[in-house]
Amino acid sequence: MQVRGESEIMTSLSHQDQQRSFSLQDLLVTHLDANVHAIRTATGGSCDIVYRDLKLVNGIRAVVVVTDGLVDMQQLQQFVIDSLTLDHTFESLNDLPFEMKEMPFPELLRQSILKAGSVEEHSRLDQTLDALISGLAILFVDGFDRAFAIDVKHYPDRSITPSEAETVVRGPRDSFTENIRTNTALVRRRIKHPDLRIEGHRAGRVTMTNLSILYIKGIARHSIVDEVRSRLRRIDIDAVLESGYIEAMIQDNARSTFPTVYHTERPDVIAAELLEGKIAIMVDGTPIVLVVPALFVSFFHSPEDYYQRADVASFIRLLRSIGVFFTLLGPSFYIALTTFHQEMLPTQLIVRLISQREGIPFPAFIEAMLMEITFDILREAGVRMPKMFGPTVSFVGTLIIGQSAVEAGIVSPAMLIVVAFTAISSLVIPETSMSMSLRLLRYPLMVLSGTFGLYGMMAGIILLTLHLCSLRSFGVPYMSPLAPFTEEDAGDTLIRLPHWAAKKRPHQLSVEPNTRNRTPKPHPEPQANPNEDHK
Amino acid sequence: MFRLIKMALALSLLIPLVGCWGRLELSDMAITMGLGIDLADGDKYIVSIQVVDAGEASAQKGSLGRSPVVLYSAKGKTIAEAMQRMTTSSPRTIFNSHLRVLIIGEKLARHGISEVLDFISRDRQFRTDFPVVIAKNDKAGNALKILTPIESIPAIQLMRALEYSEKHWAPTIAIHFDELIQGLIAKGRQPVVTGVVMIGSSEEGSRRSNLQTTSPKNRLRFTGLSVFHRDRLIGWLTEEESRGFNIAMGKAYKGTGNVECSDGNEVSLEVQESKSKLKSKLKGDNLVLGLDLKIEANVEEVACKLPMTKDETISDLEKRTEDTLKEIINKTLNRVQHDLKADIFGFGDEVHRKYPKYWKKLSNDWDTHFAELPPVELNIKVKIRLLGTVTNVLESEGSE
């Protein structure tokens, strides 16, 4: 085993890794010290790698290597070290039945002495290292060219908390955590069917991040699952720190501002999406889970839509679509009407607007740009600032920028109303990446309507529509089921049909037969046998 | 790269499609609310526009004491020229799309208004939904000067008052610009236009002090209709005659009229529904004109001491109403047919529709023919529906 210095390993990590992988693919040897040394060298003597020498009951030397912080020390003590060293083990060794005494010692160790839930054997250095830094305890036994990887993992983790970004009034409160196993468990708990498949993948040459692909066999289309696999396999990057990295590399159209990958931190949303035939991608270390294929309409759906009564949900969806239009077009429409199409405003309104604009030094377009940018800065500040600055920022934001700007005659009150209403409207879009995308597109539309009026605005809308219709997400048209229109699937788009009426899963996403619901339509029935109770 | 160029080319096609590029900031506009056109000496036009001083008209924190509107006037050989000349006194671009009322001076109306109508319908800014009125015995510019209470912008006040009285006062009717144009083009019908008269003086009416009393002395009031022949004003109908015209045309919805009942007292009726139909019949070579009118009315006020619950009273009342209406309408018809010789009802159109071949012979001088025709046959049906919340007159009920 070649001995290398720490710096050498660091450089080899950042370079094309050939030297490193070459040496790491070495097999373990029978000599205990050599194995331990190899580990020590490979980790560069990192201080969180802990080595514990043991002398086993039959006199054989052994070393347990763990990554401090990733293992449960109590479990390690109880199920590994105690089992290997305590006296009663020695006694029981003597009392063993003959056939067990005849077993090779390593086999005996694995099967009968180590009391942890999962024990694996590795013969190669890289596998061993991998297990070590994933939080497994590594046991080297002298004279044995294998390492035992014992599962006593205990990640630093937080408990399951209510979702902060996607809140509902009615519906489950739990959200994903940074731990991928907790996350898969949250989904498993909702879908108790063996056909829920969770495939493990890895991405990131340095971070070696765990990924999981979740889908339901028999609902999700094979072609789409294969596509997801192949796109994930294509990823060759050193680090995956958040699912956003994956999203950027597997999305369909890199130039579009529209997201073609859906993301959520709610397990109930993931369960619902899987049941429609979509595929979820979990990334270890982040609570944000990706869902593909993503359809345009699903960005405007909140999980609560499905928990509320269908009529209420449909009404709220209509409100939301008004909000969407206002987010995108509010300021542009105002600019177009007030600078190009004054004849379209009611007379009383235009007199009022003119009187408000008396003495405003900027054209409406500049005024709108100014206020929109101010609002976006305020909003960003609100997200980014430490919590104790909150009151200051909201005071400055609302009072100084709002009221004082109007009183000083720099912006007109009407413009402030438009900007404020646009700001509020942008918050009704349940999914942040879509709302960001629309906020971004608002600016070019404002420029268009500031130069060409409603004509420019309409041209912008037409271009946007064309673009949206050309998008695909994992082969599925982005605007479906609206364009191409599928009548059976349209019941869950701008409105939502009641659950008893939604008989089929989305055509574009799921395999046939796709009937999901055979419940008859409920109707009032008389009490079956009213006299029975009186007996 | 090629794709990008193609896209840029495709997008650049959008630019030549743009129509008029009229970018105008709100704070650079002067909104015309009222337009008045008069004839000056030497075939010149005097155009007056009533422009809103928006800061004053919708002042929220107390007004500065300025007038809510400003009147600009300019002379010109054509109206367009006068409008252009206006820019020498107006600090802002004059914007005509929100015009609320067009006033034409009587002198100009008698001279002919086709040029005015041509200018307004040719200009892209003007809509066609504003009412047109004639300043009776006066100049349009004077009528636009008067400040009004309640609605601070006089043009809006004028339009509102006209629309309101059209609904509730049978003699007035609002003629909008497009209707006037249609009347002018139609060969079988002559246009009518509402008249407005000034009460008091326009000089005093233009001051704010005019509004400081509960009953402003200087104001505008609508009066009877003016009758046009082609584009020229040829005469005025009295209020009574205007009422007859409106009733005959079925436009008397919500209008009130009085009828004398058998004991000599009056009953007021409010029209709830009225349908009128013009008739024409060719008997040999003789044209006979007719008018069917069906009216449903409610009792508004009763002064006569008759049992209103009895069928006979009601049918007697209906009969009397029919007679009264017949008298009113006949008076109007007589005036229009024989005195003014202008078919403002549109009998000509009716003949045109029914006897297109026969019409060809008449169409060139229909109005002369119209004057020579026998009187129009009236066929009026009145139905009284509701008596209101009480039945008999209170006095007689108490005595029972």
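The numbers here are math on the coordinates, done by the rules we state, and not lab data. For clarity, every value in this text was computed on a predicted model and none was experimentally measured. Positions of Cβ are generated from backbone atoms using ideal geometry, with glycine treated the same way; all protein chains shown enter the neighbour counts.
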Of the peptides A:116-123, B:105-112, how do they stack up when ordered by the mean number of other Cβ atoms within 10 Å, highest first?
-> B:105-112, A:116-123
Mean-square fluctuation maximum in Gaussian network of chain B, Cα pairs under 10 Å, restricted to B:T88, B:T223, B:T324, hits B:T88
Distance from the Cα centre of the stretch A:493-514 to that of the stretch A:269-296, in angstrom?
-> 18
Candidates B:E377, B:E312, B:E270; GNM for chain B (alpha-carbon contacts under 10 Å) flags as most fluctuating B:E312
Neighbours of A:A423 by Cβ distance under 14 Å: Lys/Arg at +1, Asp/Glu at -1, summed charge 0
Cα centroid of the stretch A:372-387 to Cα centroid of the stretch A:183-220, whole Å = 36
Search the structure for amide H atoms under 5 Å from the amide H of B:G224, placed 1.01 Å from N in the peptide plane, and list their residues when 5 or more places away or on another chain.
-> B:E239
Got a sec? Which residues in the stretch B:173-191 would a label at B:E239 touch, if it sits 7 Å along Cα→Cβ and we count backbone N under 16 Å?
-> B:173
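Quantify how strongly other chains surround peptide A:359-366 by giving the mean number of their Cβ atoms within 10 Å of each of its Cβ atoms.
Per residue, the number of nearby Cβ atoms from other chains is 2 on average.
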May I ask which residue of A:I150, A:P498, A:I350 lies farthest towards the positive end of the charge dipole of chain A, with charges of +1 (Lys, Arg) and -1 (Asp, Glu) on Cβ and the Cα centre as origin?
-> A:I350
In whole percent, what relative contact order does the stretch B:28-236 give with Cα contacts below 8 Å and a gap of six or more residues?
-> 20
Collect residues whose amide H, placed 1.01 Å from N in the peptide plane, falls under 5 Å from the amide H of A:L28; neighbours closer than 5 in sequence don't count.
-> A:R124, A:L125
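On a full-extension model of 0.36 nm per residue, what is the gain between B:S114 and B:K305, subtracting their alpha-carbon distance, rounded to one decimal in nm?
The span from B:S114 to B:K305 would gain 63.3 nm if fully extended.
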Kirkwood Rh, Cα atoms: Rg over Rh of the protein assembly as shown | 1.20
Average beta-carbon neighbours from other chains, 10 Å sphere, peptide B:144-156 = 1
Using a simple charge model, +1 on the beta-carbon of Lys and Arg, -1 on the beta-carbon of Asp and Glu, nothing else, what dipole does the protein assembly as shown show about its Cα centre, in debye to the nearest 20?
-> 2720
Flagged links, alpha-carbon separation over 31 Å, of B:K254/B:K319; A:K153/A:K504; B:K136/B:K354; B:K187/B:K275; B:K357/B:K383 = A:K153/A:K504; B:K136/B:K354; B:K357/B:K383
Give the whole-number value, in cubic angstrom per residue, of the convex hull volume spanned by the C-alpha atoms of the stretch B:3-42.
-> 156
Would you mind checking which residues have amide H under 5 Å from A:K504's amide H? H placed 1.01 Å from N; only 5 or more apart, or other chain.
-> A:R516
Measuring from its Cα centre, chain B shows a charge dipole (+1 at each Lys and Arg Cβ, -1 at each Asp and Glu Cβ) which, in debye to the nearest 20, is 1880
Residue by residue through the stretch A:242-255, the couplings from Karplus 6.51 cos²θ - 1.76 cosθ + 1.60 with θ = phi - 60°, in Hz, x for Gly and Pro, are 7, 5, x, 4, 5, 3, 5, 8, 10, 5, 7, 10, 6, 8
Starting from the Cα-Cα distance between B:H168 and B:K319, subtract it from 0.36 nm times their residue separation and give me the gain in nm to one decimal.
-> 52.0 nm
From the backbone phi of the stretch B:225-234, what are the Karplus-calculated ³J(HN,Hα) couplings (6.51 cos²θ - 1.76 cosθ + 1.60, θ = phi - 60°) in whole Hz, Gly and Pro given as x?
-> 8, 9, 9, 10, 10, 6, 9, 10, 6, 10
Normalised by the residues of chain A, what does the relative contact order come to in percent, with Cα pairs under 8 Å and at least six apart?
-> 13
Lys and Arg at +1, Asp and Glu at -1: add these up for the other residues within a Cβ distance under 15 Å of B:D38 and post the number.
-> +3
Order the peptides A:223-232, B:135-144 from the highest to the lowest mean number of other Cβ atoms within 10 Å of their residues.
-> B:135-144, A:223-232
Treat the count of other C-beta atoms within 10 Å as a stand-in for reagent exposure and order B:V271, A:V36, A:V351 from fewest to most.
-> A:V36, B:V271, A:V351
Lys and Arg at +1, Asp and Glu at -1: neighbours of A:E121 with Cβ under 14 Å from its Cβ sum to -2
Which of the peptides A:493-501, B:8-16, A:422-430, B:27-35 is most tightly packed, and how do the rest follow, going by the mean number of other Cβ atoms within 10 Å of each residue?
-> B:27-35, A:422-430, A:493-501, B:8-16
With everything on Cα atoms, drop me the angle between helix A:310-339 and the longest principal axis of chain A, reported from 0 to 90° to the nearest 10.
-> 60
Computed FRET efficiency, Cβ-Cβ of A:D311 and A:T465, R0 30 Å: what is it to the nearest 0.05?
-> 0.55
If r is the Cβ-Cβ distance from A:R197 to A:T392 and R0 is 41 Å, what FRET efficiency results, to the nearest 0.05?
-> 0.20
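How long are the semi-axes of the equivalent ellipsoid of chain B, taking √(5λ) for every eigenvalue λ of the Cα gyration tensor, in whole Å from largest down?
44, 30, 23
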What does the average come to when, for each residue of peptide A:345-351, you count the partner chain Cβ atoms lying within 10 Å of its Cβ?
-> 6
Which whole-number percentage describes the relative contact order of the stretch A:180-294, with Cα contacts under 8 Å and a sequence gap of 6 or more?
-> 32
About the Cα centre, charge dipole magnitude for the stretch A:193-292 (Lys/Arg +1, Asp/Glu -1 at Cβ), debye = 280
Sorted from fewest to most neighbouring beta carbons within 10 Å, what does the list A:F105, A:F299, A:F340 look like?
-> A:F105, A:F299, A:F340
How large is ³J(HN,Hα), in whole Hz, for each residue of the stretch A:171-180 in order, when computed from phi with the Karplus curve 6.51 cos²θ - 1.76 cosθ + 1.60 and θ = phi - 60°, using x for Gly and Pro?
-> x, x, 9, 6, 9, 5, 10, 7, 8, 5
